[in-house]
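Written below as structure tokens is the structure these notes are about.
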Amino acid sequence: MDRTDRASRVIAAPPATVYGALLDRESLEAWLPPEGMRGRVERWDPRPGGGFRMVLTYLNPAGSPGKTSDAADVVDVGFADLVPPERVVQRAVFDAEDPAYAGTMTMTWHLAAAGDGTEVTVTATDVPAGIDQEVHEAGIASSLANLASYVEGTL
């Protein structure tokens, strides 16, 4: 599990606004699920050492079997580091019986001012072998596009 996946995007919003969307339960439910999924947060504790549990449900599970069940991925995420408005470090563990999804993946969300906006770079390390890299990076890019639409629409 030494693979690293990443994606980045410039979002037309200040770093503080983007950071806020990373640590707000309702915001996260709205933008984090990639295209073809919806999400529900079951537990929420937005502080270092806290975290959340998210259920991601496939809108059409045919051909996209979930990690937890045929139609869903359940992930427990801990907040390892929070540096407003620059960085959010998460440790994610999938609820899955398949050992190909075992282990703790670290997701680092780095925010840097870029003109009038924010460059958001997501780096995932120790990605479980069962997660296809191309699909994962497309999913991260989709979440970033959702985040951009979400925060840019609130300005």
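Structure values in brief
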quantity	calculated
Value of relative contact order over the chain, rounded to a whole percent, pairs C-alpha under 8 Å and six or more apart	31 percent
At R0 = 25 Å, FRET efficiency that the Cβ-Cβ distance of VAL83 and VAL10 yields, to 0.05	0.80
Helix 133-153 vs. the chain, principal-axis angle (Cα, 0 to 90°, nearest 10)	40 degrees
Rounded FRET efficiency, nearest 0.05, which uses the C-beta distance separating ASN146 from ASP98 and R0 of 30 Å	0.65
Rg/Rg_globular for the chain, with Rg_globular taken as 2.2 N^0.38 Å and Rg from C-alpha atoms	0.98
Exposure ranking of ASP73, ASP126 by accessible area [1.4 Å probe, largest first]	ASP126, ASP73
Within-12-Å neighbourhood charge of GLU42 [Cβ basis; K, R +1; D, E -1]	0
Leading residue at positive end of dipole, the chain (Cβ point charges), from PRO33, PRO46, ALA112	PRO46
Value in Å of the Kirkwood radius, where the range 72-116 supplies the Cα pairs that are averaged	12.1 Å
Residue with peak Gaussian network fluctuation, the chain [Cα springs, cutoff 10 Å], from GLU119, GLU134, GLU86	GLU134
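The values are calculated or read from the model by the stated rules, or taken from the named source; none is laboratory data. Here the structure is a predicted model, which means the values were calculated and not measured. Here the Cβ is made from the backbone with ideal geometry for all residues, glycine too, and neighbour counts use every protein chain on show. When the accessible area is computed, the model is the full protein with side chains, heavy atoms only, and any ligands, DNA or RNA have been set aside. Shrake-Rupley method; radii C 1.70, N 1.55, O 1.52, S 1.80 Å.
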